[in-house]
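Here's the structure, in structure tokens; my notes come after.
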Amino acid sequence: MNTAYRELRFSARPEAARYAAAAVLPYVPSGRPAQIVDVGCGTGDTLLAIAQARPLARCVGIDMSEVNLASAAEHVRKAGSGDNFRWVAGDYLSCTLSPADIIFSESVMHLIPADAHIIFRKLKADLGPGGKALLIMPYESIGNRLLIGVRRALRLVRNRAMDAVLLWIARTLYPKWPIEELRERLEYMYVVPLNLDGAEWRGHAKDCGLVLLETVPWKNTSFTKLRHRMLVFERADSAR
Ligand SMILES: C[S@@+](CC[C@H](N)C(=O)[O-])C[C@H]1O[C@@H](n2cnc3c(N)ncnc32)[C@H](O)[C@@H]1O
């Protein structure tokens, strides 16, 4: 298990949470208390936006970072929601869930240090009949490979001066972003993804009984961020 994320804060940008909620909502059943799980929910803003649009939903937010979960609970409390929320602190792979209608996860699958089969078996086990897993994650491409190469190089020479230079570049590029949020993202600038979407990743999903229904392009918010897309999987025994 990678414990590095336990101490890290990652505050969602409001526009990013709105964008993710709008992409996930069409898959969320309405008119019944569907169970929605956000794996690596961060500060919970996407889950909250979904809950506001689907008031009957039962929402579960999982995250390794307790500081993120504390903010998530606070955001939900301030919004006057809360009864339909449960927060789980820890590694997704070791948590126990009741069958979910939707499991979504933005920018997290590539951070989990586990064999793809283990991740997909867990996802399949957590989905109820007809359940879907929506995975927003980076994919195999020349651009992403170049960016990963840069990150590997940065990791080798990382020191305080390098952090300061990266932060200065970020402040120049995103002058309107709060400095704290730029600082939170510094750690992620050095992350080398452990999983990427591609033929191999999808093959593992198929082997584990998840059918890929569609792929959805994802807006990129920063040139330093790996390009993502959303993969929509359904449990094979319920796919038509
Ligand atoms: C890049 S942030 C994305 C947060 C949120 N999904 C968003 O888009 O705003 C990655 C999040 O995944 C969490 N995380 C990383 N590995 C995890 C794991 N194995 N289980 C649960 N959460 C994890 C981190 O603590 C962090 O909050």
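We did not get these values from a lab; they are worked out from the coordinates using the rules stated. Quick caveat, the model's predicted, so the values are computed rather than measured. Ideal geometry is used to build each Cβ from the backbone, glycine not excepted, and the neighbour counts take in all protein chains shown.
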Problem set entry | Estimated vicinal HN-Hα couplings, Hz - region 43-50 in sequence order (Karplus 6.51, -1.76, 1.60; Gly, Pro = x) | 8, x, 5, 5, 4, 5, 4, 5
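Just add up the charged neighbours of residue 167: K/R +1, D/E -1, any other residue whose Cβ is under 10 Å from the Cβ of residue 167.
Here the charged neighbours net out to +2.
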Exercise. Between residue 215 and residue 168, what is the label-to-label distance in nm when each label sits 7 Å out along the Cα-to-Cβ direction?
Worked result: 3.9 nm
For this session: Could you compute the FRET efficiency for residue 156 and residue 7, with r as their C-beta to C-beta distance and R0 at 35 Å, rounded to 0.05?
Result: 0.95
Exercise. By counting other Cβ atoms within 10 Å of each Cβ, how are 85, 223 ranked from fewest to most?
Worked result: 223, 85
Exercise. Could you put 124, 225, 219 in order, starting from the residue whose Cβ has the fewest other Cβ atoms within 10 Å?
Worked result: 219, 225, 124
Exercise. Ranked by Cβ crowding within 10 angstrom, fewest neighbours first, how are 10, 120 ordered?
Worked result: 10, 120
Exercise. For region 194-240, what relative contact order do you get, as a whole percent, if you take Cα pairs closer than 8 Å and at least 6 residues apart?
Worked result: 36 percent
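If each DSSP helix of 4+ residues adds -39,500 (n - 2.57) and the sum is divided by the residues in the chain, what number results at 222 nm, nearest 500 deg cm²/dmol?
-11500 deg cm²/dmol
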Problem set entry | Mean Cα-pair separation over length for region 100-224, i.e. relative contact order, pairs under 8 Å, 6 or more apart, % | 36 percent
Exercise. On alpha-carbon atoms, Rg over Rh for region 1-114 using Kirkwood Rh?
Worked result: 0.93
Seminar exercise, completed: Computed over the chain: longest principal axis from alpha-carbon atoms vs helix 116-126 long axis, angle to nearest 10 degrees, is 40 degrees
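Take every DSSP beta bridge with both residues inside the chain and express the antiparallel ones as a percent of the total, to the nearest 5.
40 percent
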Exercise. Remind me, relative contact order of the chain in percent, using alpha carbon pairs under 8 angstrom and six or more residues apart?
Worked result: 19 percent
Exercise. Using the C-alpha atoms of region 142-190, what convex hull volume per residue, in cubic angstrom, is computed?
Worked result: 73 Å³
For this session: Please say if region 38-194 is rounded, prolate or oblate, where rounded means a/c under 1.5 for a ≥ b ≥ c the square roots of the C-alpha gyration tensor eigenvalues, and otherwise the choice is prolate for a/b larger than b/c and oblate otherwise?
Result: oblate
Exercise. Expressed as a whole percent, how much of the Cα-Cα distance distribution for region 1-65 exceeds 18 Å?
Worked result: 37 percent
Seminar exercise, completed: For the chain, longest principal axis from Cα atoms; helix 66-78 axis from its Cα atoms; angle between them, nearest 10 degrees, is 60 degrees
